[in-house]
Every structure is written in C-alpha cells, then in structure tokens.
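First the structure, in the form of structure tokens, and then the observations on it.
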Amino acid sequence: RVLSADGMDSEEFELRKRLPRRLPKRKNDVYISKKTNFKAQVARCKKLLESGHTEIYIHGLGVAIDRAVNVALQLKMLGAGSLDVAANTATVELIDDLEPLNGDLEPRTQSRNSSAIHIKVFRLKEFIPK
C-alpha cells in the first residue's frame with residue numbers, strides 16, 4: 001500500500017487529470033504539448049506568421065514549457081532578424097479527479113499548481129533586411 005502526502009491510498013483511487021482551463025482560443029494562439037511533433041508545431045506557427053498575423057502567442061504548461069521556449073526561439077532564428085519574442089510566466093491551478101476503485105468511497109477532487117509560459121512572437125515593425 002502506498003499512501004500519498006494527504007493519507008489517501010493509491011490502490012483505492014484512480015487519478016484522472018482534467019484539461020486545464022484555457023485562455024480564449026484566438027486564431028493566433030498555439031498551445032504546445034509534448035505529444036505533438038516539434039517540426040509540425042514550428043511549421044504551424046510559421047504558417048500563421050506567413051498568413052498575415054503580425055503576432056502569435058505560444059502557450060506551454062508544465063513539462064511542455066521547454067518545448068514552447070524552443071519553438072519560439074526556432075521561429076526567431078528562422079525570422080532572420082524580422083521576429084522577436086516576449087515571454088510571461090504564470091502559475092496555473094489545475095484540478096484532478098480521484099475516482100474510487102471500489103463503490104464504498106466517494107469521488108474526490110484535488111487541486112495542484114503548475115507552471116505556465118505565454119510567449120508572444122511578433123514582427124519587428126522597422127525590419128530592414130541585411
């Protein structure tokens with residue numbers, strides 16, 4: 001038997017992580033995950049910038065933060081001086097459901113905090129190619 005920090009038995013409950021509440025989904029918002037192919041994520045962002053958006057917002061949560069930063073830096077490098085980035089960090093509260101494995105217990109929820117990053121990738125207004 002393994003007891004968690006709050007005394008719950010891991011054999012009595014199954015942990016189900018809920019999806020985080022998202023920011024409003026705009027056409028220029030890109031949510032980065034660890035499951036999606038890195039090159040596909042970069043290509044999607046690049047396509048948004050090439051389709052007329054002057055800025056895009058890249059969002060990463062938890063283990064996807066490093067990937068979100070790498071996507072933004074890759075775009076900046078590919079922009080050859082025409083793009084810049086600005087990052088903001090945050091802490092996001094997430095809710096997990098604890099589903100009982102037997103009928104004697106009530107379902108529970110627990111909250112936890114996770115780090116998040118929001119990166120604005122934008123075109124420089126006065127870019128003069130070299």
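The values are calculated or read from the model by the stated rules, or taken from the named source; none is laboratory data. All values derive from a computational prediction rather than experimental measurement. No Cβ is skipped: glycine too gets one built from the backbone with ideal geometry, and neighbour counts run over all protein chains shown. For the accessible areas, the whole protein counts, side chains as well, though only heavy atoms, and no ligand, DNA or RNA atoms are used. Shrake-Rupley method; radii C 1.70, N 1.55, O 1.52, S 1.80 Å.
One residue stands out among those in segment 85-104 that are under 22 Å from the mean Cα position of the chain (by Cα) and open to solvent by less than 50 Å² (accessible area, probe 1.4 Å): the one that is nearest to K47 (Cα to Cα), which is V85. Outside any strand (DSSP E or B), under 21 Å from K25 (Cβ atoms) and among the hydrophobic types (A, V, I, L, M, F, W, C): is that true of A86 in this structure? Considered against the rule, which asks whether it is outside any strand (DSSP E or B), under 21 Å from K25 (Cβ atoms) and among the hydrophobic types (A, V, I, L, M, F, W, C), A86 comes out as no.
Residues of segment 98-115 include at least one that is out of contact with any Cys (no Cβ under 8 Å at 6 or more places or on another chain), modelled with pLDDT under 90, of a type in the set (A, V, I, L, M) and part of a strand (DSSP E or B). Restricted to segment 4-46, and to residues there that are more than 19 Å from the chain's Cα centre (by Cα) and loosely packed, with under 11 Cβ neighbours inside 10 Å, the residue that is modelled with the lowest pLDDT is A5. Can we say P107 is open to solvent by 70 Å² or more (accessible area, probe 1.4 Å) and in contact with a Phe, Trp or Tyr (Cβ under 9 Å, 6 or more places away or on another chain)? So P107 passes the test.
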